[in-house]
1. Across segment 54-78, what is the number of residues that are within 18 Å of residue 13 (Cβ to Cβ), of a type in the set (Val, Ile, Thr) and more than 9 Å from the ligand (Cβ to nearest atom)?
2. In the set 48, 93, which member is modelled with pLDDT of 95 or more and either within 28 Å of residue 302 (Cα to Cα) or away from the ligand (no atom under 16 Å from the Cβ) (or both)?
3. How do the pairs read when you match residues in segment 254-271 that are free of Cβ contacts under 8 Å to residues at least 40 places away in the same chain with residues anywhere that are surrounded by fewer than 17 Cβ atoms within 10 Å (Cβ to Cβ) and aliphatic (A, V, I, L, M), using Cβ under 8 Å and keeping only pairs 6 or more apart or on different chains?
4. Looking at segment 349-370, is at least one residue of a type in the set (Ser, Thr, Tyr), away from the ligand (no atom under 15 Å from the Cβ), at pLDDT 95 or above and more than 22 Å from the chain's Cα centre (by Cα)?
5. Mind listing just one residue for me: the one in segment 304-340 that is charged (D, E, K, R) and without any contact (Cβ under 8 Å) to a residue 24 or more places away in the chain and, of those, surrounded by the most Cβ atoms within 10 Å (Cβ to Cβ)?
6. Give me a count of the residues in segment 269-304 that are among the aromatic types (Phe, Trp, Tyr) and in a strand (DSSP E or B).
7. Tally the residues that are among the polar types (S, T, N, Q), touching a helix residue (DSSP H, G or I) at 6+ places or on another chain (Cβ under 7 Å) and assigned to a loop (DSSP other than H, G, I, E, B), restricting the search to segment 313-347.
8. Output the residue which, of all residues in segment 258-268 that are assigned to a helix (DSSP H, G or I) and among the polar types (S, T, N, Q), is nearest to the ligand (Cβ to nearest atom).
Amino acid sequence: MENIHIAGTGIWYPEDVITNDEIVGSFNSYVDNFNTINKSKIDDGEILPLEHSSAAFIEKASGIKTRHVIDKKNILDIETMMPLVEHEDESRLSIHAKAGIEAAKKAMDQANVQPNDIDGVILGTSHAARNYPSVAIEIQNQLGIDGYAYDMLVGCSSTTFAINNAFSDIASGLAETILVINPEISTPFVNYAKRDIHFIFGDGCVATIVTNKTHAKNCFKILDRKLITKFSNNIRSDWSYLVRAASDEKSMEDLLFYQNGNSVFKEVCPMVAEFISNQLKENDMQPSEISKFWLHQANARMINLIVSKIINSEDFDETLAPLPIQKFGNLASAGSMFAFNLHNDLNKGEKGIICSFGAGYSVCSMIVEKI
Ligand SMILES: CC(C)(COP(=O)(O)OP(=O)(O)OC[C@H]1O[C@@H](n2cnc3c(N)ncnc32)[C@H](O)[C@@H]1OP(=O)(O)O)[C@@H](O)C(=O)NCCC(=O)NCCS
C-alpha cells in the first residue's frame with residue numbers, strides 16, 4: 001500500500017458573521033415589503049403572499065446558528081440581498097486566489113513544506129470563478145510553486161475528489177507533494193429572497209497538503225479511497241457562459257443555486273451511510289474502529305443520521321462527528337476538511353473517515369489513520 005498522507009491543512013474564513021436572527025430579520029423585512037407592494041394582486045388571488053422565515057426552524061432543520069460571509073451589510077440590506085464584489089480584473093489577485101493563498105500558507109506551515117517542495121496545485125470548488133486562466137495557476141504563480149496546476153468542479157465533493165486526484169498523482173510517481181485548495185465563496189450565488197435556502201451557505205476556504213513524506217508533526221495516512229457519482233437534478237445551477245447566447249428567457253434567479261432539499265436529505269443519507277458501511281467492510285474494519293467522522297457539512301441532522309446508521313446507534317456525541325456547520329453554515333465542498341482541520345486531535349493509530357457528498361450526486365470517502 002502506498003504511503004500517502006495528509007500532512008497539513010489550513011482554513012480561511014471572512015470576519016463578517018450573520019446570526020440566524022439577523023438573516024431572518026432581513027428576509028422577513030423583504031417579505032413584508034413584497035406583500036405590501038403586491039397587496040392588491042395577493043388580495044385578488046393572482047399571487048400568493050410570501051411567508052416569514054424563522055430562526056427556530058433554521059436551527060432545528062439544519063443545525064446552523066451563524067455563518068461567516070464576505071459582505072454582511074449588503075447581504076442583509078433588502079435593497080441588495082447579496083454580497084457586492086468587483087469584477088475580477090487582471091490588475092489584481094482574484095477573490096478565490098486571495099482566500100486560497102491564506103489557507104494554503106497555513107497548510108504549508110502545518111505540513112512544514114516550502115513552495116519548492118510542492119509539485120502541483122489542484123483547486124476544487126463548486127463554482128468556477130471564471131473560465132480561464134485556472135485560479136490554481138494564479139495561486140501557483142503567486143506562491144512560487146513549479147510544476148502543474150489546474151481547477152476542477154465536482155460540486156460539494158470537489159475537495160475530497162481533488163485530494164483523491166492528488167493521491168493518484170503521487171501514487172503514480174508524477175508528484176511527491178501536492179497542494180489542494182478549495183475556495184468556496186458561495187454567498188454571491190445564494191438567492192437570499194428564497195425562504196428554503198436563504199440561510200444555508202457561508203464563505204470559506206480550506207487547503208490540504210497531500211504528500212508521500214512524513215516529516216510533519218500531525219500526519220494522517222490515507223488508508224483507502226472510495227468514490228461514486230449518480231446523476232441527480234435535485235441540486236442544480238445552470239449558470240454558465242452559455243447564458244449569454246441562450247435564445248430562450250430565464251431570469252437571473254432561475255440560474256442560481258437551487259435544490260430540492262427534502263429529496264436530497266431522503267436520498268443522500270441512506271446512500272452515504274451504505275457507502276461508508278461497505279467501505280469499512282471492504283477494509284475489514286468495524287465502525288467502532290472509527291474515532292472521528294469528518295463529514296460534509298450540509299446539515300447537522302443529515303450528519304447525525306448517517307453516523308447513527310453506520311454505527312447502528314443514536315447514542316453518540318458531537319465529538320464523534322464534529323459540526324462546524326453550527327458556526328460556519330454550509331461551506332459547500334470545504335465543509336468536510338474544515339471539520340478535519342478544526343477537530344483532528346487523534347492519537348497515533350486512531351482512524352477517521354473524511355467524507356463529502358452533494359451535487360452530482362457525488363460521494364468520496366477516505367479512511368485515514370493518525371501516524
Ligand atoms: C434545506 C433543509 C435544511 C430544509 O429542511 P427540511 O426539513 O427538509 O424542510 P422542508 O423543506 O421539508 O420544509 C419543512 C417545512 O418548513 C417550512 N420552511 C421551509 N423553509 C423555512 C424557513 N426558512 N422558515 C420557516 N419555515 C420554513 C416549509 O415550508 C415546510 O412547511 P410545511 O411542512 O408546512 O410544508 C434540508 O432539506 C436540507 O438540509 N437538505 C439537504 C441539503 C443538502 O444537502 N444540500 C446539498 C447542498 S451542499
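The values are calculated or read from the model by the stated rules, or taken from the named source; none is laboratory data. Everything numeric in this text was worked out from a predicted model, so none of it was measured. Neighbour counts are summed over all protein chains in view; Cβ atoms, including those assigned to glycine, are modelled from backbone coordinates with ideal geometry.
1. Number of matching residues: 4.
2. 93
3. Sorted first by the residue in segment 254-271, then by its partner, the pairs are 255/243.
4. Initially, segment 349-370 is screened for residues of a type in the set (Ser, Thr, Tyr), giving 356, 361-362, 365.
Filter again for away from the ligand (no atom under 15 Å from the Cβ), leaving 365.
From the residues that got through so far, the ones that are at pLDDT 95 or above too are 365.
Subsequent filtering for residues that are more than 22 Å from the chain's Cα centre (by Cα) retains none.
No.
5. Within segment 304-340, the subset charged (D, E, K, R) is 309, 314-315, 317-318, 327.
Subsequent filtering for residues that are without any contact (Cβ under 8 Å) to a residue 24 or more places away in the chain retains 314-315, 317-318.
Numbers: 314: 10, 315: 6, 317: 6, 318: 12.
Restricting to residues being charged (D, E, K, R) and without any contact (Cβ under 8 Å) to a residue 24 or more places away in the chain, the top hit is 318.
6. 2
7. 0
8. The first filter runs over segment 258-268 and keeps only residues assigned to a helix (DSSP H, G or I), leaving 261-268.
With the extra rule that they be among the polar types (S, T, N, Q), the set shrinks to 262-263.
Numbers: 262: 4, 263: 8 Å.
Filtering segment 258-268 for residues that are assigned to a helix (DSSP H, G or I) and among the polar types (S, T, N, Q), the one nearest to the ligand (Cβ to nearest atom) comes out as 262.
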